[in-house]
Every structure is written in structure tokens, then in C-alpha cells.
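K.L.:
One structure, as C-alpha cells, below. Some questions next.
Values in this text are rule-based calculations from the coordinates and carry no lab data. Remember, predicted model here, so these are calculated numbers, not experimental data. Here the Cβ is made from the backbone with ideal geometry for all residues, glycine too, and neighbour counts use every protein chain on show.
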């Protein structure tokens with residue numbers, strides 16, 4: 001499947017969101033990126049997508065470029081978790097609702113991951129991951145989005161399927177509103193204001 005069209009749509013959507021006055025008012029971060037090198041062992045759509053930004057952050061979720069794909073040296077020096085039941089996926093999406101922003105190095109609980117082999121994107125919360133890691137189990141239950149990284153960002157993070165994503169991660173809490181009846185999730189609000197949701 002040719003992911004280049006998806007990457008171009010992502011690029012256009014990011015430019016749109018960066019230009020919205022609401023982004024600053026909402027405290028949303030739509031980071032910029034730079035080209036990443038092709039790396040043996042890393043699927044092209046992953047480096048192409050993460051060349052577009054370093055971080056996308058709303059009040060509930062943030063998506064962060066894995067440091068291990070920024071250079072060949074970083075890839076060679078990456079830390080691998082021995083016995084990882086998921087074969088050391090890329091942690092790309094972090095749940096951080098109500099977490100302080102000033103904890104050094106803290107990104108939130110990793111919940112959205114990319115399989116390094118097939119590029120599939122899935123959800124697995126931290127408690128379940130800890131259980132699978134500590135116990136020898138044959139089958140690991142995850143929520144599969146059944147798309148690759150480029151389609152995931154185009155449709156779920158920056159598109160009409162965002163509500164499905166946030167429902168998977170937050171359940172009923174995804175629909176919380178403040179006293180003025182606005183969604184607590186600032187990313188959802190930004191997507192609505194950009195006409196992407």
C-alpha cells in the first residue's frame with residue numbers, strides 16, 4: 001500500500017491546525033518536524049509520518065516521535081526490554097489527562113503502540129501490559145486499529161475517526177465536559193474548529 005498520499009494529507013492537516021488561533025488558546029501543541037533517515041529495520045511509513053512532527057499534544061493524549069528512529073546511531077543504541085511480550089513495539093501515544101507538565105521526562109502512560117514488524121497500530125493500557133510482562137501468557141489482548149501508522153494518524157489522530165480513538169483510550173470519560181459545556185479534550189476541540197472532525 002502506498003502511504004505517500006496519507007503522509008501528504010497528514011502534512012496538510014498539520015499545517016491547517018498550526019494556523020488556527022485556537023491552538024495556542026487551547027494549550028495544544030502541534031510540533032514541527034524534520035526529515036528522518038531511512039533506517040534498516042524501521043518501516044518507511046513510520047519515519048515518513050514522524051518526519052512531519054516531534055509531538056502532537058492535547059489535554060488527554062500526546063503522540064511523540066520515538067527517539068530511536070531519529071538516526072541510525074539512535075536505532076543501534078536503542079534499549080530493548082528483554083522478555084517484552086510484545087516484541088518491543090514503538091510507544092507513540094501517551095495518556096496524560098490531569099498529569100502535571102513539569103515532571104522531567106514524563107510523557108504519560110504509553111497506551112498506543114506500533115508493531116515494529118507489521119506496522120499495525122494498537123491500544124494496550126499500562127496495567128494490562130505490566131500483567132502480561134510479569135506473567136507468562138500465550139495470548140495478549142489488545143485493541144487493534146487495523147491500520148498502519150500513516151492511516152492511523154490521518155484517520156484517527158487528525159481525522160473523522162478521532163472519537164473512536166478517544167473512546168478506546170478513555171471510555172465514558174472521553175465525553176466529559178467542563179462547566180461551560182466544552183469538551184475537556186482540547187485536541188477534539190481543535191479538530192472540530194479545523195473542520196477535521
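K.L.:
Using helices alone, I'd like the mean residue ellipticity at 222 nm for the chain: each DSSP H run of four-plus residues gives -39500 (n - 2.57), total over residue count, nearest 500.
P.N.:
Details: 7 runs with 59 residues, N = 197.
-8000 deg cm²/dmol, from helical runs alone.
K.L.:
Further question on the same structure: Using the C-alpha gyration tensor of the range 1-86, what are the square roots of 5 times its eigenvalues, in whole angstrom, with the largest one first? It would help to have the intermediate numbers written out before the result.
P.N.:
Details: eigenvalues 139, 58, 26 Å².
Taking √(5λ) for each eigenvalue gives 26, 17, 11 Å, largest first.
K.L.:
Can you give the relative contact order of the chain as a percent, counting alpha carbon pairs under 8 Å and 6+ residues apart?
P.N.:
On the way: 296 pairs, mean separation 40.9, N = 197.
Averaging sequence separation for qualifying contacts and normalising by length gives 21 percent for the chain.
K.L.:
Next up: Using Cβ counts within 10 Å as a stand-in for footprinting exposure, how do 32, 70 rank, fewest first?
P.N.:
On the way: 32 10, 70 17.
Lowest to highest Cβ neighbour count: 32, 70.
K.L.:
Using the number of other C-beta atoms within 10 angstrom as an exposure proxy, rank 175, 3 with the fewest first. The partial results should precede the final answer.
P.N.:
Working: 175 14, 3 20.
In increasing order of surrounding Cβ atoms, one gets 175, 3.
K.L.:
Now, a different point. How would you rank 132, 162, going from fewest to most other Cβ atoms within 10 Å of each one's own Cβ? All intermediate terms of the calculation are to be shown ahead of the outcome.
P.N.:
Working: 132 18, 162 22.
In increasing order of surrounding Cβ atoms, one gets 132, 162.
K.L.:
Could you give the alpha-carbon Rg of the chain over 2.2 N^0.38 Å, rounded to two decimals? Spell out each step's value before the answer.
P.N.:
On the way: Rg = 16.6 Å, N = 197, 2.2 N^0.38 = 16.4 Å.
So the Cα radius of gyration is 1.01 times the expected 2.2 N^0.38 Å.
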